[in-house]
């Protein structure tokens with residue numbers, strides 16, 4: 001009989017290692033963002049084994065696909081680890097995924113079984129079960145469920161106990177058969193395009209990323225991670241797995257509670273998307289903007305001083321003021337993040353330069369990283385010891401990055417081209433999509449589609465996204481992300497989408513920062529027409545802001561001037577469909593919903 005010892009580099013090994021090394025230490029102080037009893041490492045491993053047996057009792061085995069439609073909570077992680085322990089493959093997605101997209105993901109991946117977060121979602125899915133090609137059973141992650149034909153988590157655990165009584169060695173033997181090269185998960189890209197692709201990642205892909213990130217940061221049991229991003233997203237998953245591997249605590253929160261939990265939970269590690277760091281920066285700016293004129297001028301000088309420190313170009317006066325500010329104003333700012341933060345990670349999108357500089361100058365230990373779902377996900381990251389703003393650091397150990405031209409020829413340091421990646425994190429391909437796989441995987445290298453360059457010190461700098469490049473009617477190429485980042489430096493502009501494909505000049509849809517704008521111009525003078533602002537007074541203010549930001553002196557070409565724009569006072573959010581769950585703008589949705597406005601803008 002085969003030994004029931006899990007192989008290193010697999011999730012059965014990771015779970016066993018965490019339980020043996022960290023035992024009765026608390027892993028989850030609460031089971032979801034709103035509370036719940038704590039969970040130890042040993043309890044997690046025990047419950048995952050019971051749930052694995054429950055999955056066996058309904059016919060799930062090695063290679064089967066299992067859907068998990070849920071947000072951040074203990075039960076999500078439990079379902080994830082239980083599935084992985086059998087050598088089955090989980091297919092995760094958020095509970096708020098549109099029904100059509102959810103059906104596509106479950107059908108395309110061939111899921112036989114799916115977990116769902118709530119009884120409400122279980123009922124909705126069960127009522128449309130005949131529209132699903134492969135799903136045979138549904139389990140609600142709630143303790144009790146009265147939907148006919150749907151299992152509750154308690155039911156499935158009870159079935160698992162019976163299975164373990166009858167076949168005590170079954171799940172352990174399956175766990176021992178899992179190999180590092182086996183598929184762990186198929187993650188459908190949330191992306192800003194209409195058609196998600198299923199990224200195939202193995203146990204080795206993910207566990208290698210866990211080990212290499214930890215070799216850089218050396219996390220441990222003394223750390224506390226605050227978890228806010230969707231758990232199915234590769235960025236959040238890797239942070240959760242690192243916490244599990246290193247014996248750290250993992251605290252669940254959500255976007256509504258994150259500001260309070262930063263203070264109350266005092267994490268040492270917090271990973272977030274750029275928009276969250278922008279919000280922290282903008283909150284600081286808003287408070288300063290409301291000060292009386294003299295104090296506002298003083299604070300502006302202070303912030304300019306801190307930004308120079310963040311840029312690494314401090315003046316003598318900045319150095320002299322630094323110790324005083326650290327014991328006064330900076331201490332107050334650090335209380336906003338709980339006072340214990342030692343690693344603040346930005347990833348999942350472009351970090352605006354002014355936010356990067358300012359927060360570094362204010363003493364926030366912000367490290368910027370880069371990765372994709374297709375690379376498991378982290379490719380490179382800055383470190384506290386080598387933390388230069390504007391870069392995404394050096395590649396992780398055993399990961400290689402090349403900058404290539406359109407003919408795949410490597411470029412020299414300093415030249416801009418497409419980022420290609422090779423290393424242990426690179427995916428196996430897109431599930432049932434050979435055409436897209438062949439387009440991006442060539443001889444072991446992955447074409448990221450991102451544009452960037454490598455400086456003489458080997459630091460990587462992202463400059464845009466190849467597929468987002470705008471080609472104007474005159475043939476000029478423009479990277480919209482760079483302009484959008486610059487535009488958002490204005491305190492009056494919260495979000496920006498630059499447009500202009502095949503047009504003579506650029507235009508933009510701009511979401512205003514209502515609170516600050518109202519402080520400058522009374523709302524009664526805005527001229528509101530549905531979601532839009534039509535006031536000449538407001539338009540003149542924004543025109544002046546744009547013209548002061550995108551100047552030749554700032555390094556912008558004349559073709560990069562925003563010739564026309566429209567103002568929106570309703571923010572773009574995941575809830576209204578304009579943003580992904582990681583707060584990236586869905587450009588195709590913007591074009592679809594504001595199509596008439598865009599056409600009118602360019603006339």
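The values are calculated or read from the model by the stated rules, or taken from the named source; none is laboratory data. No experiment lies behind these values; they were computed from the predicted model shown. A quick note on method: Cβ atoms are made from the backbone with ideal geometry, for glycine too, and the neighbour counts reach across all protein chains shown.
Going through 106, 86, 141 one at a time, which residue ends up being in contact (Cβ under 8 Å) with a residue 60 or more places away in the chain, in contact with a strand residue (DSSP E or B) (Cβ under 7 Å, 6 or more places away or on another chain) and within 30 Å of residue 172 (Cβ to Cβ)? So that I can check it myself, show each step before the final result.
Values: 106 fails: in contact (Cβ under 8 Å) with a residue 60 or more places away in the chain; 86 fails: in contact with a strand residue (DSSP E or B) (Cβ under 7 Å, 6 or more places away or on another chain).
It is 141.
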Among the residues of segment 334-343, are any part of a strand (DSSP E or B) and crowded, with 21+ Cβ neighbours inside 10 Å? no
Which condition number does residue 294 fail, the rest of (1) within 30 Å of the chain's Cα centre (by Cα); (2) at pLDDT below 85 being met? (1)
Which numbered condition trips up residue 230, out of (1) touching a strand residue (DSSP E or B) at 6+ places or on another chain (Cβ under 7 Å); (2) within 22 Å of residue 582 (Cα to Cα); (3) in the same structural domain as residue 18 (by TED's automatic domain parsing)? (1)
Just to be sure before I move on: is residue 502 modelled with pLDDT under 90, out of contact with any helix residue (DSSP H, G or I) (no Cβ under 6 Å at 6 or more places or on another chain) and at positive phi in the structure I sent? yes
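A quick yes/no check of all residues on (1) more than 21 Å from the chain's Cα centre (by Cα); (2) within 23 Å of residue 594 (Cα to Cα); (3) assigned by TED's automatic domain parsing to the domain that holds residue 571:
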{"position": "484", "(1), (2), (3)": "no, yes, yes"}
{"position": "498", "(1), (2), (3)": "yes, yes, yes"}
{"position": "508", "(1), (2), (3)": "yes, yes, yes"}
{"position": "525", "(1), (2), (3)": "yes, no, yes"}
For residues in segment 569-588 being within 21 Å of residue 513 (Cα to Cα) and not in a loop (DSSP other than H, G, I, E, B), which is modelled with the lowest pLDDT? 587
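Among 537, 545, which is the only one that is in contact with a helix residue (DSSP H, G or I) (Cβ under 6 Å, 6 or more places away or on another chain), modelled with pLDDT of 90 or more, closer than 30 Å to residue 287 by Cα and not in a loop (DSSP other than H, G, I, E, B)? Can you show your working first?
On the way: 545 fails: in contact with a helix residue (DSSP H, G or I) (Cβ under 6 Å, 6 or more places away or on another chain).
Exactly one residue qualifies, and that residue is 537.
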Matching residues, segment 313-326, being loosely packed, with under 13 Cβ neighbours inside 10 Å and either on the phi > 0 side of the Ramachandran plot or over 33 Å from the mean Cα position of the chain (by Cα) (or both): 315, 316, 317, 319, 320, 323, 324
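Answer yes or no as to whether residue 527 is free of Cβ contacts under 8 Å to residues at least 12 places away in the same chain, surrounded by fewer than 12 Cβ atoms within 10 Å (Cβ to Cβ) and more than 17 Å from residue 491 (Cβ to Cβ). Spell out the reasoning first.
Details: free of Cβ contacts under 8 Å to residues at least 12 places away in the same chain: yes; surrounded by fewer than 12 Cβ atoms within 10 Å (Cβ to Cβ): no; more than 17 Å from residue 491 (Cβ to Cβ): yes.
So residue 527 fails the test.
Residues are listed down the side, and each one gets a yes or a no for (1) farther than 27 Å from residue 525 by Cα; (2) more than 19 Å from the chain's Cα centre (by Cα):
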site: 543; (1), (2): no, yes
site: 556; (1), (2): yes, yes
site: 563; (1), (2): no, yes
site: 573; (1), (2): no, no
site: 581; (1), (2): yes, no
site: 584; (1), (2): yes, no
site: 589; (1), (2): yes, yes
site: 594; (1), (2): no, yes
site: 599; (1), (2): no, yes
